[in-house]
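Right, one structure below, let's go through it.
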Amino acid sequence: MSEVIQLLEKFDDPRDPKKVSHPLPTILFMSICAIFCGAEGWEDIVLWAEAQQDWLEKHIDLSKGIPSYSTIRRTFMIISPASWGSLIRDVVVSSRANHETEDQVPIDGKTLCASKCESKGVRAIQMVSAWSVKNNIILGEVKTDSKSNEIKAIPLLLELLNLQGATVSIDAMGCNEAIISKILDQGAHYLIGLKKNQPKLYEAVEQHIEKIGSSPENLLEDYFDDSHGRCVRRRYFAVDVPEEIKSLGFTNMKSIIATETIQSSNYAKGVTSEWRYYITDHDKSHQSLATYVRGHWGIEAMHWCLDVHLNDDKDKKYEENTAENFAKTKRFLFNLVKSKPPIGKKRSLRSNLKLVGWDLEYLTKLIFG
């Protein structure tokens with residue numbers, strides 16, 4: 001039970017020792033639990049702690065009373081987001097004994113819309129995250145102040161991850177030689193979405209697929225999805241990269257994957273067709289190419305859950321580090337609930353997140369295991 005507390009005690013305290021009244025583990029543990037239970041701001045954390053003081057005193061030192069909301073806010077301003085994220089990853093790894101070797105790791109960025117304040121000149125935070133398809137958790141995240149800087153953030157995120165043998169999937173922002181080289185240097189494979197930000201390569205791939213790509217011998221999968229008032233046909237093709245296209249592309253580029261989505265809807269007239277293209281260092285005969293294309297959208301589903309269930313996009317915090325540290329704590333909750341759902345009746349993620357705030361026994365098991 002003491003493992004989480006021990007990790008918090010090892011956390012570097014950046015405060016002036018002469019001005020410290022409350023131990024750092026007390027503030028952090030109390031804040032984590034309150035945010036897990038639905039606290040959306042500093043006053044909420046204090047209110048929750050006052051309501052659950054008897055439970056908190058079993059685990060942390062409250063001899064100096066409950067810290068004020070301004071003390072909690074200042075703490076979130078000065079603790080290092082990188083160190084906070086590292087501690088969170090340590091807790092998640094230590095609490096997940098059945099962690100499987102990564103097979104696919106999608107990477108994508110998400111904007112925390114409410115962290116922008118034009119009157120104060122504060123830009124919206126962009127969090128670039130890595131998702132584990134196999135283990136269904138967030139593996140890590142790095143902050144950037146604008147979407148254009150995601151290219152710089154991705155290599156920093158890759159350094160945090162053990163990617164040996166995994167396939168890293170990224171959308172078109174990953175069409176960058178430095179990113180692809182970094183993936184390969186870590187013993188991983190890549191699958192990168194291709195769009196018109198690489199105009200010469202995109203045009204050459206599009207023309208090549210139009211000529212030979214959609215031939216039956218190149219077909220990987222062909223299936224229908226008829227649900228929610230839509231009928232969708234998805235076809236996946238894979239071809240070798242010809243030499244004339246390799247010269248326009250990236251290191252070790254071996255195959256092109258083309259997907260065609262044909263769709264009709266009860267709510268719109270006509271039938272639409274859309275093609276998407278991907279490049280990879282896998283051979284075209286690799287059995288999981290279509291699975292990797294589909295699997296990448298798991299990170300979009302994670303972003304949707306953060307927004308809908310944890311109000312990620314509505315969190316208005318403008319002081320340095322606070323929005324990022326608060327966001328990482330929400331991702332900590334997401335990972336633990338995904339890793340350790342309550343025993344018994346199978347419920348939705350939304351229900352399990354609600355249960356954390358309503359059942360102290362489940363909160364205890366979630367944090368202490």
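The values are calculated or read from the model by the stated rules, or taken from the named source; none is laboratory data. Please read these numbers as outputs of a predicted model, since none were measured by experiment. Neighbour counts are summed over all protein chains in view; Cβ atoms, including those assigned to glycine, are modelled from backbone coordinates with ideal geometry. The area values use the complete protein model at the heavy-atom level, side chains included, leaving out ligands, DNA and RNA. Shrake-Rupley method; radii C 1.70, N 1.55, O 1.52, S 1.80 Å.
Remark: accessible surface ordering of Arg123, Arg276 (largest first) is Arg123, Arg276, probe radius 1.4 Å. Solvent-accessible area of Glu210, all protein chains in place: 130 Å² (probe radius 1.4 Å, heavy atoms, ligands and nucleic acids excluded). By accessible area, using a 1.4 Å probe on protein heavy atoms only, region 208-300 has 47% of its surface on carbon and sulfur.
Pairs of Cα atoms nearer than 8 Å and 6+ residues apart set the relative contact order; for the chain it is 17 percent.
Mean residue ellipticity, 222 nm, helices only, the chain: the sum of -39500 (n - 2.57) across DSSP H runs of n ≥ 4, divided by residue count and rounded to 500, is -12000 deg cm²/dmol. Is region 281-346 best put as rounded, prolate or oblate by its Cα gyration tensor, with a ≥ b ≥ c the root eigenvalues, rounded for a/c under 1.5, and otherwise prolate when a/b is larger than b/c, oblate when not? Verdict is oblate for region 281-346.
Charged side chains reduced to their Cβ positions (Lys and Arg at +1, Asp and Glu at -1) give the chain a dipole of some 680 debye around its Cα centre. Scoring 319-331, 220-232, 279-291 by mean Cβ neighbours within 10 Å over their residues and listing the highest first yields 319-331, 279-291, 220-232. Can you bin the chain into rounded, prolate or oblate? Criterion: square roots of the alpha carbon gyration tensor eigenvalues sorted a ≥ b ≥ c, rounded for a/c under 1.5, prolate for a/b above b/c, oblate for the rest. Judged from the Cα gyration tensor, the chain comes out prolate (a/c at least 1.5, a/b above b/c).
Given a cut-off of 23 Å, name the pairs among Lys19/Lys116; Lys317/Lys365; Lys110/Lys365; Lys182/Lys246; Lys182/Lys211 whose C-alpha atoms lie farther apart than that in the structure shown.
Lys19/Lys116; Lys317/Lys365; Lys110/Lys365; Lys182/Lys211
Label sites at Ser264 and Thr364, each approximated as a point 7 angstrom past Cα along Cα to Cβ, lie 5.8 nm apart.
May I ask you to order 52-59, 334-341 by the average number of other C-beta atoms within 10 Å around their residues, highest value first?
Values: 52-59: 13.5, 334-341: 20.0.
Ranking, from highest mean packing down: 334-341, 52-59.
Taking each residue as 0.36 nm, the span from Asp61 to Ser83 lengthens on full extension beyond its C-alpha to C-alpha distance by 5.7 nm.
On full extension, the segment bounded by Tyr223 and Lys10 gains 71.5 nm, given 0.36 nm per residue less the C-alpha separation. Here the simple spin-label model places points 7 Å from the Cα toward Cβ, and for Arg123 and Ala301 these points are separated by 3.2 nm.
I need the peptides 133-140, 28-35 ranked by packing, meaning the mean over residues of other C-beta atoms within 10 angstrom, with the highest value on top. Numbers along the way, then the final one.
Numbers: 133-140: 19.6, 28-35: 23.0.
Top of the packing list down: 28-35, 133-140.
For the pair Cys231 and Lys134 in one chain, pulling the backbone fully straight at 0.36 nm per residue adds 32.1 nm over the alpha carbon distance.
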